[in-house]
1. Kindly check whether there is at least one residue in the stretch 124-132 that is surrounded by fewer than 11 Cβ atoms within 10 Å (Cβ to Cβ) and without any contact (Cβ under 8 Å) to a residue 60 or more places away in the chain.
2. Would the stretch 17-33 turn up any residue that is more than 25 Å from Pro165 (Cα to Cα), in a helix (DSSP H, G or I) and of a type outside the set (Phe, Trp, Tyr)?
3. Step by step: first the residues of the stretch 94-147, then only those that are in a helix (DSSP H, G or I) and charged (D, E, K, R), then the one that is nearest to the chain's Cα centre (by Cα). Which residue is that?
4. Does Ser83 count as touching a strand residue (DSSP E or B) at 6+ places or on another chain (Cβ under 9 Å) and part of a helix (DSSP H, G or I)?
5. Check Val88, Val51, Val25 and return the single one that is more than 16 Å from Tyr148 (Cβ to Cβ), out of contact with any Pro (no Cβ under 7 Å at 6 or more places or on another chain) and surrounded by 13 or more Cβ atoms within 10 Å (Cβ to Cβ).
Amino acid sequence: MRLVTPGDSAPASVNKYLLPHENQVITVRRHPAILMLPVGLVLGGLIIAGVLSNTLASDAINWIWWGWLILLAWFVWQVAEWSVDYFVITNQRMLLTTGLITRKVAMMPLAKVTDMSFKRSIAGRMLGYGEFVLESAGQDQALSTVDYLPYPEQLYLEVCEMIFPNKNATADD
């Protein structure tokens, strides 16, 4: 089962990085679990601000809540960045696009991948995400690990099939 059907197109923020002769095969947004730390900090900050506003003098209360609003703004920024981050696999390469203002595109040609594995922590198994570890011949690559990927087993099998195609398959299959 493909995660993106052949007729689908990549999001506009990703499509401009695809070459004219490339066919998009898989496009996924990173797993929302990447936002666990920001959510925890915002909720923890809210609890601390609530407790401190009941125990401190009124002059300090304004500063506490302004600090929490700054933390909330940081959280909104993290969510906005997550919403534009994509992992894209075409018939020729893998791309990881990140960043809201400063755009970073890490890429590795499929032909250069010599080994690929994925890791899943306990939290990853419970929440449904994993991390790809890519190795290639030669020097360090811009794309060596991709964390917080949804459907890691399915993605792993799809990518392995692309990197190591079945040479025994006939054209009729």
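Throughout, read-outs are computed from the coordinates displayed, never taken from laboratory work. Fair warning: this is a prediction, and the values are worked out from it, not measured in the lab. Here the Cβ is made from the backbone with ideal geometry for all residues, glycine too, and neighbour counts use every protein chain on show.
1. Step one: list which residues in the stretch 124-132 are surrounded by fewer than 11 Cβ atoms within 10 Å (Cβ to Cβ), which gives 126.
Still in the running and without any contact (Cβ under 8 Å) to a residue 60 or more places away in the chain: 126.
The answer is yes; a qualifying residue exists.
2. yes
3. Taking the stretch 94-147 first, the residues in a helix (DSSP H, G or I) are 110-112, 122-127.
After this cut, where a residue has to be charged (D, E, K, R) as well, the list is 112, 125.
On the way: Lys112: 21, Arg125: 16 Å.
Top of the filtered list is Arg125.
4. Numbers: touching a strand residue (DSSP E or B) at 6+ places or on another chain (Cβ under 9 Å): yes; part of a helix (DSSP H, G or I): yes.
Considered against the rule, which asks whether it is touching a strand residue (DSSP E or B) at 6+ places or on another chain (Cβ under 9 Å) and part of a helix (DSSP H, G or I), Ser83 comes out as yes.
5. Values: Val88 fails: more than 16 Å from Tyr148 (Cβ to Cβ); Val51 fails: surrounded by 13 or more Cβ atoms within 10 Å (Cβ to Cβ).
Val25 is the lone residue from the list that is more than 16 Å from Tyr148 (Cβ to Cβ), out of contact with any Pro (no Cβ under 7 Å at 6 or more places or on another chain) and surrounded by 13 or more Cβ atoms within 10 Å (Cβ to Cβ).
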